[in-house]
Amino acid sequence: MANETGHIQQSITFEDNQVAASLYGDRERHLRLVSAQLGVKVHARGNTVRIEGAKPDVVQAQRVLEELYAMVRRGQDLRPVDVREAIRMLEQEPDTNLNDVTRSVLDSVGSRHRIRAKNLSQRNYVEMIGANDIVFATGPAGTGKTYLAMAMAVAALNRQDVSRVVLTRPAVEAGEKLGFLPGDLAEKVNPYLRPLYDALNDMMHFEKIARLMERNVIEVAPLAFMRGRTLNDAFVILDEAQNTTPEQMKMFLTRLGFNSVAVVTGDVTQSDLGTKSRSGLAEALEILDGVEGIGFTQFTEQDVVRHPLVQSIVRAYDRADESRKKKSKGGSGSNGDADA
């Protein structure tokens, strides 16, 4: 019932005390987070929660808690980041069913833990990979671009939708050249491919990965090794694509054979090519826009699923970049290459 100030009280009683305790979090930190994010007072006593505040905020808080309770009841571990994402998703699209968004992406991945979409952008990305032969995913680090693509590749391999997985990235890093590193070519490029190995190790046991790599069912290779090949019946991932040249990007995209899927990931704001070469990723996004069978997903800093500070860091750098661009245009009178 609303009082004279327009505030109301609403109580929710959850059936399962143990599930309710998991929903509340350690020392009720999840409830405190809901309170802080939505501007309501939340009090728990046993399996009953009382919410006080302005009616729209109370209604929203009730919806959030009920959706999170359903997630925990299905067996999903709840963390503060999950609470924040649930609030954000329901604010963006009030009719969102969190069960549909966070259902397991990888029932057939064989990983040691369930891998789920953390937000609407990730769920749309997963669905886009399933609906297109080529998908471009761009945006800042920490949005799950490569990780989810890797998960989809392993799931496709386990379902026998494809016969192999090919993981590649350009061997380009800021301030360092391959020739300065010891060893043969394979040993030189291995450090550049380490992030792909890390994601793969998170989804499959090391012994299985070793067996599949020995049989070339899973291949991790620098982009230069793709030239002259035709990749049939394969799930191919090109990571850090902002560091490809236009020629390299065209070469990669034309490697795709029958019954194959390619996912291209990168952040066009983080190119290490220098000022003399335009990013092949940036060019491809322009040239291929509107081509049937190619999907595009643009993640933003709001989609970052790492530590909450990462979102703030990304936003701060974006503001700094915009400020520098404005000063450069205003001072020189000429337009610089934004993709360099």
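The values are calculated or read from the model by the stated rules, or taken from the named source; none is laboratory data. Predicted model only: the values in this text are computed from it and were never measured. Counting neighbours? That spans all protein chains shown, and the Cβs are built from the backbone with ideal geometry, glycine included. Side chains included, ligands, DNA and RNA excluded: accessible areas come from the protein's heavy atoms. Shrake-Rupley method; radii C 1.70, N 1.55, O 1.52, S 1.80 Å.
A few points about this structure:
- Cross-link partners of LYS145 among aspartates and glutamates (Cα-Cα below 12 Å; sequence separation of 8 or more within a chain): ASP239, GLU240, ASP267, ASP303
- The range 242-331: relative contact order as a whole-number percent, Cα under 8 Å and 6+ apart: 30
- Taken along the Cα-to-beta-carbon direction at a fixed 7 Å, the label points for ASN17 and ASP318 span 4.6 nm.
- Pair TYR197, GLU214: separation of 7 Å Cα→Cβ label points (nm): 1.7
- Cα gyration tensor, the range 238-331 - rounded (a/c under 1.5), prolate or oblate: oblate
- Net charge, ILE218 excluded, C-beta distance under 11 Å - Lys, Arg +1, Asp, Glu -1: +2
- Using the Cβ-Cβ distance between GLN270 and ASN158 with R0 = 30 Å, the FRET efficiency computed as 1/(1 + (r/R0)^6) comes to roughly 0.40.
- Calculated FRET efficiency for the pair GLU286/ARG32, C-beta based, R₀ 51 Å, to 0.05: 0.65
- For q = 0.16, 0.20, 0.26 Å⁻¹, Debye-computed log10 I/I(0) when each Cα of the range 1-79 counts as one equal scatterer: -0.53, -0.81, -1.27
- Radius 14 Å from Cβ of VAL64, net charge of other residues (Lys, Arg +1; Asp, Glu -1): -4
- The accessible-area ordering, largest first, of the residues TYR24, TYR147 stands as TYR147, TYR24, per a 1.4 angstrom probe.
- Relative protection proxy for 253-263, 59-69, 201-211, 28-38, from highest mean packing down: 59-69, 28-38, 253-263, 201-211 (other beta-carbon atoms within 10 angstrom).
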